[in-house]
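Accompanying notes for the structure given below.
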Amino acid sequence: QVQLVESGGGLVQAGGSLRLSCAASGTIFSPNNMGWYRQAQGKQRELVATKSSSGITKYADSVKGRFTVSRDNAKNTAYLQMNSLKPEDTAVYYCRILDIRNTYWGQGTQVTVSS
């Protein structure tokens, strides 16, 4: 059974930075896709950034140039470096891993950006 543990959320002022981590335990099959989604209060969950096991990245237009998704395959860990944060980035951020067998979600970590 794969479990995801997220860390790194918190409160930051606009213009600041945070780095989220998502550590996966268990067996993850390849090929796979690791990434981040977010859900702001009253809104639907949306894609933030993903990176496949082949290195292909995808970003939401709203975060391009500010956020960077990366992964350490040896550690089964995904990261999201968030720079130049804006109040509209405030949301619960969820890690997701999609492999050839299943989709796994983390419990979510709150990111709050104050103006």
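Report the extension gain between Thr27 and Glu88 in nm, rounded to one decimal, defined as 0.36 nm multiplied by the number of residues separating them, less their alpha carbon distance. Display every interim value, and only then the final one.
Numbers: separation 61, 0.36 × 61 = 21.96 nm, distance 3.50 nm.
Using 0.36 nm per residue and subtracting the Cα-Cα distance, I get 18.5 nm.
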Practice problem: Please build a GNM for the chain, connecting alpha carbons under 10 Å apart, and tell me which residue among Gln81, Gln41, Gln13 fluctuates the most. | Solution: Gln41
Self-check item: Sparse-neighbourhood loop sites, trypsin sites (Lys or Arg not before Pro) in region 73-115 - DSSP loop, at most 14 other Cβ within 10 angstrom
Solution: Arg101
Quiz item: Taking the Cβ-Cβ separation of Gln110 and Ile56 as r and a Förster radius of 41 Å, what is the calculated FRET efficiency to the nearest 0.05?
Solution: 0.90
Quiz item: How far apart, in nm, are the 7 Å Cα→Cβ label points at Asn73 and Leu11?
Solution: 4.1
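Any read-out appearing in this document is the output of simple, stated calculations on the displayed coordinates, not a laboratory observation. Remember, predicted model here, so these are calculated numbers, not experimental data. No Cβ is skipped: glycine too gets one built from the backbone with ideal geometry, and neighbour counts run over all protein chains shown.
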